[in-house]
1. Of the numbered conditions (1) outside any helix (DSSP H, G or I); (2) modelled with pLDDT under 80, residue 60 satisfies every one except a single condition; which is it?
2. For residue 48, indicate whether it is more than 19 Å from the chain's Cα centre (by Cα) and at pLDDT below 85.
3. How many residues are assigned to a loop (DSSP other than H, G, I, E, B) and either at pLDDT below 85 or touching a strand residue (DSSP E or B) at 6+ places or on another chain (Cβ under 9 Å) (or both) when one looks only at the stretch 71-98?
4. Kindly list, by first and then second residue, each pair from a residue in the stretch 80-106 that is touching a residue at least 12 places away in the same chain (Cβ under 8 Å) and at positive phi to a residue that is part of a loop (DSSP other than H, G, I, E, B) and surrounded by fewer than 18 Cβ atoms within 10 Å (Cβ to Cβ), limited to pairs with Cβ atoms under 8 Å and residues at least 6 apart or on different chains.
5. If a residue has to be surrounded by 14 or more Cβ atoms within 10 Å (Cβ to Cβ) and farther than 24 Å from residue 99 by Cα to count, how many in the stretch 45-72 make the cut?
């Protein structure tokens, strides 16, 4: 009888190890897919930013405005992308109307 008790214990350990391996594989797959999703969203915001940079003049929004754009555009809040584009377009308009001497606050020259 002691052999049956041992084999049941070994079987239980084998099943537990297999279940753990399956769990680890599922977690790795999920994490990789989430990373690909984040990368895609980031690339999408960079593409939109490049599209908007075409409108830049000598005086243009600063790097912090571009960073804010990327963060807002990548947000999963409803309407965030439209709001990010609108805010950056507004900043582009404000900066493009400035001369070099006035282009220091929230804008960059060059």
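The values are calculated or read from the model by the stated rules, or taken from the named source; none is laboratory data. Being a predicted model, the structure only gives us computed values, none of them experimental. No Cβ is skipped: glycine too gets one built from the backbone with ideal geometry, and neighbour counts run over all protein chains shown.
1. Only one criterion in (1) outside any helix (DSSP H, G or I); (2) modelled with pLDDT under 80 is unmet by residue 60, namely (2).
2. The answer is no for residue 48.
3. 5
4. 106/62
5. Counting residues in the stretch 45-72 that are surrounded by 14 or more Cβ atoms within 10 Å (Cβ to Cβ) and farther than 24 Å from residue 99 by Cα gives 5.
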